[in-house]
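The values are calculated or read from the model by the stated rules, or taken from the named source; none is laboratory data. The structure presented is a predicted model; accordingly, all values stated were derived computationally and were not measured. Cβ sites come from the backbone with ideal geometry, for glycine too, and all protein chains shown count toward neighbours. Each accessible area value is taken on the protein alone, full model and side chains, heavy atoms only, with ligands, DNA and RNA left out. Shrake-Rupley method; radii C 1.70, N 1.55, O 1.52, S 1.80 Å.
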Amino acid sequence: MLQNAGVKKTDVLVVGTGGAGCRAAIEAAEYGADVTLVSKGVLGRSGTTNMAEVVYAAAIGHGDRQDKPRYLFEDTVVEGHWIGDQRLVKLLADESAKTVYDLERYGLPWYRMEDGRHYYQLPTPGHRYDRGVHYNESTGSKMQDALVAEVKRHDDIHPLNDILVVGLMVDDGRIVGASAIDLKNGQLVLFETGAVIVATGGAGMMYQVTDMEHGSTGDGIAMAYRAGAQLIAPEMHQFFPTAFVHPETLRGIIVTSSNLWGFGLRLYNARGERFMERYFPDKKENVPRDVLSRSIFQEILEGRGTEHGGVWLDASNIDGWEYLRRERARSYVWPTKLGVNTERFEIAPTYHFTMGGIRIDTDCQTNVEGLYAAGEVVGGIHGANRIGGNALPECMVFGAIAGRHAALHARRNVALPQSTVKDEHRRLTDLLETPERLELRPKDALNTLKDIMYRHVGIVRSAQGLEEGLEKLHRLEAEDLPRVGVGPGKVFNWEWIWKCELLGMVEQAKLYTQAALMRTETRGAHFRSDFPQTDNVKWLRNIVVQKVAGEVCYQTEPVELSYLNPATYQAGRE
Amino acid sequence: MINQENAPKNGKPLQVNVLRYDPESGGAPYWQTYTVPRRRASRVLDVLEYIQDELDPGLGYRRHICHNLVCHSCYVNVNGHARMTCQALIKPDVAEIRIEPYGDFVPIRDLIVDYAQPR
Ligand SMILES: Cc1cc2nc3c(=O)[nH]c(=O)nc-3n(C[C@H](O)[C@H](O)[C@H](O)COP(=O)(O)OP(=O)(O)OC[C@H]3O[C@@H](n4cnc5c(N)ncnc54)[C@H](O)[C@@H]3O)c2cc1C
Ligand code: FES
């Protein structure tokens, strides 16, 4: 039997210590709550926030005096292909400016203009004005550091590292607690609380190639779904065109930013053909991100890929090399950074951002009372495509909102029912104390899953491919999962961790695939080769999925258009 | 090295000595030697990943990491010096390396340390 370390009481439990989780904890503490802040990794060192390199979008008008939050709002809605929830986008656009100053107070020294007063804002694709405040190609990790410093200033925030949250407990439609495994000793920990904020980030690890931190397994999405929360836009996932696929430990890491294609990087398939010439004789590689991703993916899918499932990127004799070395040394000069001593390497599109996720209202609450969510784990804000620089402010804006409402909601008279505790204890014991004879390793099943998702629910989708994907997923679930065993030991047993994550990922995979099958049109990152047109008559709608009485239930809802309507919208600059 | 086309695919394998520690057995730390093919030995991180994936799933090191020099949770001691495994390149002429847990924090298991508990 799994050892039970007992129950911890807390006003607010925050799951995840990336940008969203830390910000939520700070706000909840400022509202007087006693906060427990847990991560399955280490505070300040876990999550994808650290990995964000450059831009933090905010309409503060330093890059261009004309800029206003309402233009940021419009850009986000339009570039999201009209299916983002406009009430949430409005919050993001209106409040992101203030978060720039909050972060500076926490200790982020934004780059400034020569006058020393105005912030230096970079242009970013999709934004009509220069909006990207930044710091030294390491904006994300500076933001994470500043937040951790602020977290540590609060006596009422209790951070706990190496706590893998595995379940949310609901009683009578309300959150009453959460279950977790303390990886440091392998014991079950129960949290008794009336308010949980899920801030567990994206789900890139479901895909074979991803640039996210390797704990990005979408746990929060799966747990919230199991607890009865609605998910929105589960079919929407963003890819970035060019990342290493080899060597193995560099798999997924972005090779170059998209605006550097003009410098003369060239792509070749395994037969040595410069295949972009075939698709775009004039522009060749210098095409928009999504088009480039699809072309590369097509080459690989049609069997002209390299040994490690990519295409060749040739960076020899590029005009921009000196520029790169000077201006982007941290990000894009591979030899000094990663030991890539070649100008030719294998690359493929990499999974970059989870647009779908947990559905929230303007208080960041889900349809389950006491369950809140913030950050990348949330769905429905970026619609069908996220523009650069909008994810970090999303963490700050919605982290604060979630923290405030969770603190106000916190109830002291919560009781974790004994029967719920017993059921959870049994479930986890069964899951983790598997008989030795189970022959399949969690890693094997995980690799199968990643392959299915990348191939069938990736950049180019079709009814045939998605149905094949679903069939493979059902086979994985029925035939492989029951055979997945775990090795001995309780302390930091990675096979325990992977098995817990795997179950959640297979659950998510089915939902993502089914939703992608439902959306019979192309919109933003969702490209259907069998329905290549955007259909605003039928599909100005969102797909919402929920577990009702143990059954999965899909529905579509018209997009909420309270501020802007595609029929009448005209873009402009002042 | 990572140079994919000119990599010494058939170079002599690397000997990797890892300091193991299992708190559940109650025993003292002990050394274990693994042999890693050259083509999987560009960075120290490659070596650990190879060992855990191919030779010994029980080897403990942090896996929820960035692989990209930003998270700072991959520290170990390599030949007695604190290094980030994703940054520590292994020269092709090196025959043997020694990996121990990062010395500044209390060990949890094998190469995993408790970053909340400085020593
Ligand atoms: C390479 C890259 C570059 C990017 N660049 C930019 C950029 O320039 N600008 C921008 O705006 N955005 C950028 N993004 C996106 C942005 O970084 C993320 O969307 C954002 O940081 C997500 O933050 P988060 O707090 O929601 O999640 P994360 O930072 O991923 O944090 C998740 C936390 O949850 C914890 N966790 C997960 N599961 C569990 C569990 N079961 N139990 C306990 N804890 C758990 C993790 O340990 C971690 O602490 C980039 C992303 C990538 C991958
Ligand atoms: S793996 Fe993140 S810094 Fe080394």
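Averaging the sequence gap over all C-alpha pairs within less than 8 Å and six or more residues apart, then dividing by the number of residues, gives the stretch A:435-539 a relative contact order of 36 percent. Loop-located trypsin sites (Lys or Arg not before Pro) across the stretch A:261-304 with a Cβ neighbour count of 12 or fewer within 10 Å are A:271, with loop assigned by DSSP.
Convex hull over the Cα atoms of the stretch A:1-56, averaged projected area in nm²?
Details: hull surface 21.0 nm².
Computed as one quarter of the Cα hull surface, the answer is 5.2 nm².
Taking amide H as placed 1.01 Å from N in the peptide plane, the amide H of residue A:52 sits under 5 Å from that of A:140, A:141, each at least 5 places away or on another chain.
Amide H contacts for residue A:169 (H built 1.01 Å from N in the peptide plane; partners 5 or more residues away or on another chain; cut-off under 5 Å): A:176, A:177, A:178, A:179. Put +1 on the Cβ of each Lys and Arg and -1 on the Cβ of each Asp and Glu in chain A; which of A:197, A:97, A:281 then has its Cα farthest toward the positive end of the dipole? Most positive-ward Cα: A:281. Close amide H contacts of residue A:14 (hydrogens built in the peptide plane, cut-off under 5 Å, sequence separation of 5 or more or a different chain): A:36, A:37, A:38, A:197.
Looking at the stretch A:483-574, the trypsin sites (Lys or Arg not before Pro) that sit in a DSSP loop and have at most 16 other Cβ atoms within 10 Å of their own Cβ are A:538, A:573. For a 4.7 Å threshold on C-beta separation, the list of partnerless cysteines in chain B reads B:74, B:86. Ligands, DNA and RNA excluded, the heavy atoms of residue A:360 present near 10 Å² of accessible surface to a 1.4 Å solvent probe. As a rough guide to protection, the peptides A:361-368, B:86-93 ranked by mean Cβ packing within 10 Å, highest first, stand as A:361-368, B:86-93.
Specify the longest stretch of chain B that does not include any exposed loop site, a site being one of the GluC sites (Glu not before Pro) with a non-H, G, I, E, B DSSP assignment and at most 14 other Cβ atoms within 10 Å.
Values: sites that count: B:5, B:24.
Formally, the longest exposed-site-free interval is B:25-119.
Of the cross-linked pairs A:184/A:490; A:90/A:547; A:40/A:184, those separated by over 20 Å at the C-alpha level are A:90/A:547.
Please list, by residue number, every one of the GluC sites (Glu not before Pro) in the stretch A:220-315 that is coil in DSSP and has at most 14 other beta-carbon atoms within 10 Å.
Of the GluC sites (Glu not before Pro), the ones in loops of the stretch A:220-315 whose Cβ has at most 14 other Cβ atoms within 10 Å are A:273, A:307.
Just counting partner chain Cβ atoms within 10 Å, what average do the residues of peptide A:492-502 show around their Cβ?
On the way: counts 9, 5, 10, 2, 0, 2, 1, 0, 0, 1, 0.
Other-chain Cβ atoms within 10 Å of each residue's Cβ, averaged: 3.
Using the Karplus relation 6.51 cos²θ - 1.76 cosθ + 1.60 with θ = phi - 60°, the per-residue 3J(HN,Hα) values for the stretch A:363-373 come to 9, 6, 8, 8, 6, 9, 4, x, 9, 10, 8 Hz, with x marking Gly and Pro. Under the criterion of Cα pairs below 8 Å and six or more residues apart, the relative contact order for chain A equals 22 percent.
For peptide B:87-99, the mean count of partner chain Cβ atoms within 10 Å of a residue's Cβ comes to 1.
Shape verdict for the stretch A:469-574, please, from the Cα gyration tensor: rounded (a/c under 1.5), prolate (a/b greater than b/c) or oblate.
Numbers: a/c = 2.74, a/b = 2.28, b/c = 1.20.
Prolate shape, in that a/c is at least 1.5 and a/b is the bigger ratio.
Using 0.36 nm per residue of separation minus the Cα-Cα distance, give me the extension gain between residue A:419 and residue A:308 in nm, one decimal. The partial results should precede the final answer.
Numbers: separation 111, 0.36 × 111 = 39.96 nm, distance 4.95 nm.
Taking 0.36 nm per residue and subtracting the Cα distance, the gain is 35.0 nm.
Under a Cβ-only charge scheme (Lys and Arg +1, Asp and Glu -1), can you give me the dipole magnitude of chain A about the Cα centre, in debye to the nearest 20? Before the final figure, lay out each step's value.
Working: 65 positive and 76 negative charges, 63 e Å.
Approximately 300 debye in magnitude.
Against the criterion of solvent-accessible heavy-atom surface with a 1.4 angstrom probe, A:561, A:72, A:408 sort, most first, into A:408, A:561, A:72.
Share of antiparallel DSSP beta bridges in the protein assembly as shown, in percent to the nearest 5? If we restrict to bridges inside the protein assembly as shown, about 70 percent are antiparallel. If the segment from residue A:549 to residue A:263 were pulled out straight at 0.36 nm per residue, it would be longer than the present Cα-Cα gap by 97.4 nm.
Start at zero, step by 10 Å, and the Cα-Cα distances of chain B spread as 14, 47, 31, 7, 1 percent across the bins.
In order along the stretch A:170-176, the phi-based Karplus estimate (6.51 cos²θ - 1.76 cosθ + 1.60, θ = phi - 60°) of 3J(HN,Hα) comes to 10, 10, 6, x, 10, 5, 10 Hz; Gly and Pro are listed as x.
Under the rule a/c < 1.5 gives rounded, and otherwise a/b versus b/c splits prolate from oblate, where does the protein assembly as shown land using the Cα gyration tensor? Verdict is rounded for the protein assembly as shown.
Kindly identify the stretch A:375-501 as rounded, prolate or oblate by the Cα gyration tensor criterion: order the square roots of the eigenvalues as a ≥ b ≥ c, call it rounded if a/c is under 1.5, otherwise compare a/b with b/c, prolate if a/b is larger, else oblate. All intermediate terms of the calculation are to be shown ahead of the outcome.
Working: a/c = 2.30, a/b = 1.10, b/c = 2.08.
Note, shape of the stretch A:375-501 comes out oblate.
Heavy-atom accessible area for residue A:85, with the other protein chains in place and a 1.4 Å probe, reaches approximately 30 Å². Per-residue extension of 0.36 nm, minus the Cα-Cα distance of residue A:411 and residue A:520, leaves a gain of 34.8 nm for this segment. Accessible area per residue was computed with a 1.4 Å probe on protein heavy atoms; residue A:111 scores about 80 Å².
Distance distribution note for the stretch A:7-92: the fraction of Cα pairs above 16 angstrom is 67%.
If you take every residue apart from residue A:32 with its C-beta less than 13 Å away from the C-beta of residue A:32, what net charge results, scoring Lys and Arg +1 and Asp and Glu -1? Walk me through the intermediate numbers first.
Working: positive: A:404, A:412; negative: A:11, A:27, A:30, A:34, A:155, A:156.
Result for the neighbourhood of residue A:32: -4.
With the contact rule set at Cα under 8 Å and sequence spacing of 6 or more, what percent relative contact order holds for the stretch B:4-118? Mind dumping the intermediate values first?
Working: 210 pairs, mean separation 32.9, N = 115.
RCO, the stretch B:4-118: 29 percent.
Over all other residues within a Cβ to Cβ distance under 15 Å of residue B:27, the charged ones net out to -1, with Lys and Arg as +1 and Asp and Glu as -1.
Tally Lys/Arg at +1 and Asp/Glu at -1 over every other residue whose Cβ is under 11 Å from the Cβ of residue A:382; what's the total? The partial results should precede the final answer.
Working: positive: A:386; negative: A:79, A:85, A:376, A:394.
Summing Lys and Arg as +1 and Asp and Glu as -1 gives -3.
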